[in-house]
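J.: I'd like to ask you about the structure that follows.
Readers should treat all values here as calculations from the given coordinates under stated rules, not as data from a laboratory. Just so we're clear, the structure is a prediction, and the values are computed from it rather than from any experiment. When we count neighbours, we look across all protein chains shown, and the Cβ atoms used for this are built from the backbone with ideal geometry, even at glycine.
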Amino acid sequence: MARRAKPFSLRARARSFAAAGAGLAYVLASQHNARIHAAATLAVVAAGLGLRVSRLEWCWLVAAIAAVWTAEAFNTALESLADAVKPDRHPLVGRAKDAAAGAVLAASIGAALVGLLVLGPPLLRWLRGA
């Protein structure tokens, strides 16, 4: 028999957003690389504002930033779950953790390339004009 859907509740949605915010706060507080991502995010936003990038360029920058933060959050979640299930070293758990870290690396490299493509030309023009 199919389960009945629960009625929509603003309170439940608010709790869900609060839990998601707590999850991001945990990522930021517990992961050294997340703090590096935060600094890079702030630097990219400042550069984008200072260089007055276009709306389309902002779309690329925001997508790249979101990809890195998403990968970092999934990596942290996988590591936490793996540690809870198998606290001792295990080769398959190690491979899973390495693969998740590789996803963060791939997203970070992609984001850096987007940053260079979007911010590089106006930054060079600004430097030449200075």
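J.: Among the helices (runs of 4 or more DSSP H) contained in the range 1-110, which hold 2 or more residues that are touching a Lys or Arg at 6+ places or on another chain (Cβ under 8 Å), of a type outside the set (Asp, Glu) and surrounded by 12 or more Cβ atoms within 10 Å (Cβ to Cβ)?
T.: Correct list: 55-85.
J.: I need the full set of residues from the range 111-130 which are more than 20 Å from the chain's Cα centre (by Cα) and in a helix (DSSP H, G or I), in order please.
T.: Scanning the range 111-130 gives Gly120, Pro121, Pro122, Leu123, Leu124, Arg125, Trp126, Leu127, Arg128, Gly129.
J.: If you don't mind, another one. Is there a residue being free of Cβ contacts under 8 Å to residues at least 40 places away in the same chain and farther than 21 Å from Ala25 by Cβ anywhere in the range 59-66?
T.: Yes, that holds for at least one residue.
J.: Going by the conditions given, is Val93 touching a residue at least 40 places away in the same chain (Cβ under 8 Å) and farther than 20 Å from Leu24 by Cβ?
T.: Considered against the rule, which asks whether it is touching a residue at least 40 places away in the same chain (Cβ under 8 Å) and farther than 20 Å from Leu24 by Cβ, Val93 comes out as no.
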